[in-house]
Amino acid sequence: MSCALLLLLMSLALAMPTGAAVEIQRPRGVPLSKRQFYEENKPFTCLDGSSTIPFDRVNDDYCDCRDGSDEPGTAACPNGSFHCTNAGFRPAFIPSSRINDGICDCCDTTDEYNSGVTCQNTCREMGRKERESLQIMAEITKEGFMLKQQLIHEAKRGQEDKQGKLTELQGSKKGLEEKVEALRTVKETAEDPEKEAKERHLKAWEEQKELIRMEKDKTRMAEAFLELDDDADGYVSVAELQSHLELDPDSDGSLTETETQGLLGGADKVDTSTFETVWSSIKDKYLSEVSLGQSDPPAPGETPQEEETRDFVSDHDSDHYPEDYAGEEEDVEDDEEDDDHEEEEEEEKVPPTVQTPEKREDEVSMPPYDTETQSLIDAAQKARDDFDEAEKALREVDDQMKNLEKEIGFDFGPSAEFAYLYSQCYELSTSEYIYRLCPFNRVSQKPKFGGSETNLGLWGQWAGPEDNLYSVMKYDHGQGCWQGPNRSTTVKLTCGKETVVTSTSEPSRCEYLMEFITPAVCQEPASLDEVLHGHTEL
């Protein structure tokens, strides 16, 4: 029964008109909170304590107190203030100079009590609109807070999943490290016999080439002797050799008899056996009469020695290993460079192409590897491939662990309620630009009709006040302005049911301001009565 009675009394109280409320008597313009300082039967002491006056001098339209507290209801004191009760709406203070100035400042019209102006009391309507607005805000805050609780729950579960994944990766990393070291040993073990086999093959080829070269030189010497022995008497004389001006020692354009005799070792003529010694000193300059007749003359300024040098280089250009050997040496170098793994993986394992002059008809290429050597090369290459694959897998695990550790250690709010914003981006399109906010990463601006993107700042820190730190984000170190500072952006977060960028502006040059709505910033809502209690004075 008592509960029913209480409900009835509350209903009656709510239905009772505002005018029925008992008003506590106090001087005009005095708020209820200061009523105790204005007792009608006692002298009034100025609120700043500067003086005491008879109570009948309060609101007598003459300023007695330096702080203007004796004239709360008149315009006598320039520093005074008038209290608008505004029953049904929010109370307010206005400067005393606005009292009876012909303009209604208080919604309850009490400031124009003696101006002759007719004002309408709008407090009840304003209060109704404000209560409706507060009701809407309370509902949004309530829904936003409920969404925030879901975000916190999901963030907690996400953190647990990430921590579990990190633990799993740590175990995988240990196994991969052991595998990489084991495969490194296998690779090095396979590369040693491969290297030895290739060196043996190369050495045998060098020896074979030397024999071929000596045989060619011997043949060429015999051909030169027959060419020089014009009278076929079995000797090369001074006169026969003197016709080859390319052998001129001092390059003065003539080959004298004395110079020719010097080439022949001081003799007038030499036979085949002695010619071997002579040939070693002239073969680099000697031009065959047959080759001179069949080929183009040397280019201006080019000596026979230079032409021979070109031939010599061409011979040695064939000394390169086959492609797989060149590739093997590159792989060995790659193994020694740990910092360039990703680039190396993307590059195809193709040895560099060596550009060589056209092979001469008599030039011989190095023979292919024998079966045993090729088997060693194949085994070593497989060991390298296996090692590279395991090392790549280890690097990938390392990267995943670093990303997880970074995300786990990020400050996503007291309960990680802002974690859902990570790796997300939100855009706002204006008439000229498209603004893009990627929380915990960067803010950018791009012209709507073409042009490059401008960096407006990189994630810096939470920058709200001490009692509400997570209400403001700060992004700095953006792209520099022309003859100005680097761009920066302040993002103000407000409570809402959606996650959206609502506005952007540039209050100062190169300093941007963004408004961002998110349920993650919603606080637990107070009841509507508590909200209204702070705005109504009964």
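The values are calculated or read from the model by the stated rules, or taken from the named source; none is laboratory data. What you are looking at is a predicted structure, and each value in this text was computed from that prediction instead of being measured. Glycine gets a Cβ as well: all are built from the backbone with ideal geometry, and neighbour counts include every protein chain shown. For the accessible areas, the whole protein counts, side chains as well, though only heavy atoms, and no ligand, DNA or RNA atoms are used. Shrake-Rupley method; radii C 1.70, N 1.55, O 1.52, S 1.80 Å.
State yes or no: is Lys129 open to solvent by 100 Å² or more (accessible area, probe 1.4 Å), more than 24 Å from Phe418 (Cα to Cα) and part of a helix (DSSP H, G or I)?
The answer is yes for Lys129.
Of the residues in the stretch 255-281, how many are in contact (Cβ under 8 Å) with a residue 24 or more places away in the chain, surrounded by fewer than 17 Cβ atoms within 10 Å (Cβ to Cβ) and either under 14 Å from Met221 (Cβ atoms) or of a type in the set (A, V, I, L, M) (or both)?
Residues that pass the stated criteria total 3.
Is there a residue in the stretch 464-474 that is touching a helix residue (DSSP H, G or I) at 6+ places or on another chain (Cβ under 9 Å), among the charged types (D, E, K, R) and closer than 22 Å to Phe418 by Cα?
no
In the stretch 132-161, what residues are among the hydroxyl-bearing types (Ser, Thr, Tyr) and either at pLDDT 90 or above or crowded, with 17+ Cβ neighbours inside 10 Å (or both)?
Thr141 - this is the single residue of the stretch 132-161 that is among the hydroxyl-bearing types (Ser, Thr, Tyr) and either at pLDDT 90 or above or crowded, with 17+ Cβ neighbours inside 10 Å (or both).
Inside the stretch 367-377, can you point out the residues that are loosely packed, with under 14 Cβ neighbours inside 10 Å and either modelled with pLDDT of 95 or more or under 12 Å from Lys198 (Cβ atoms) (or both)?
Asp370, Glu372
Say we look at the stretch 180-201 and pick out the residues that are hydrophobic (A, V, I, L, M, F, W, C) and open to solvent by 50 Å² or more (accessible area, probe 1.4 Å); which of these is farthest from Asp378 (Cα to Cα)?
Looking at the filtered set, the residue picked out is Ala182.
Name the residues in the stretch 483-503 that are over 18 Å from Phe440 (Cα atoms) and within 24 Å of the chain's Cα centre (by Cα), would you?
If the condition is that a residue be over 18 Å from Phe440 (Cα atoms) and within 24 Å of the chain's Cα centre (by Cα), then Gly484, Pro485, Asn486 are the ones that fit.
Just to be sure I understand the filter: pairs with C-beta atoms under 9 Å, separated by 6 or more residues or on different chains, first member in the stretch 401-423 and touching a residue at least 24 places away in the same chain (Cβ under 8 Å) and open to solvent by less than 50 Å² (accessible area, probe 1.4 Å), second member among the acidic types (Asp, Glu) and in a helix (DSSP H, G or I). Which pairs pass?
Hits for this filter: Ala419/Glu154; Ala419/Glu407.
I'd like to check something: does the stretch 19-27 contain any residue that is at pLDDT below 95, of a type outside the set (Val, Ile, Thr) and outside any loop (DSSP other than H, G, I, E, B)?
yes
Could you say whether any residue in the stretch 202-213 is touching a Pro at 6+ places or on another chain (Cβ under 8 Å), farther than 30 Å from Cys522 by Cα and surrounded by 17 or more Cβ atoms within 10 Å (Cβ to Cβ)?
Yes: the stretch 202-213 contains one or more residues that are touching a Pro at 6+ places or on another chain (Cβ under 8 Å), farther than 30 Å from Cys522 by Cα and surrounded by 17 or more Cβ atoms within 10 Å (Cβ to Cβ).
For the stretch 515-538, give me each residue that is at pLDDT 50 or above, in a helix (DSSP H, G or I) and among the hydrophobic types (A, V, I, L, M, F, W, C).
Ala520, Val521, listed by residue number.
Test each condition in (1) over 52 Å from the mean Cα position of the chain (by Cα); (2) open to solvent by 70 Å² or more (accessible area, probe 1.4 Å) for Cys107 and report the one that comes out false.
Answer for Cys107: the failing condition is (2).
This table checks each residue for (1) open to solvent by less than 30 Å² (accessible area, probe 1.4 Å); (2) within 60 Å of the chain's Cα centre (by Cα); (3) of a type in the set (Phe, Trp, Tyr); (4) within 27 Å of Arg128 (Cα to Cα).
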{"residue": "Gly49", "(1), (2), (3), (4)": "no, no, no, no"}
{"residue": "Pro54", "(1), (2), (3), (4)": "no, no, no, no"}
{"residue": "Asp60", "(1), (2), (3), (4)": "no, no, no, no"}
{"residue": "Ser69", "(1), (2), (3), (4)": "yes, no, no, no"}
{"residue": "Pro91", "(1), (2), (3), (4)": "no, yes, no, yes"}
{"residue": "Pro95", "(1), (2), (3), (4)": "no, yes, no, yes"}
{"residue": "Ile99", "(1), (2), (3), (4)": "yes, no, no, yes"}
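Do we have any residue at all in the stretch 201-223 that's in a helix (DSSP H, G or I) and touching a Leu at 6+ places or on another chain (Cβ under 8 Å)?
no
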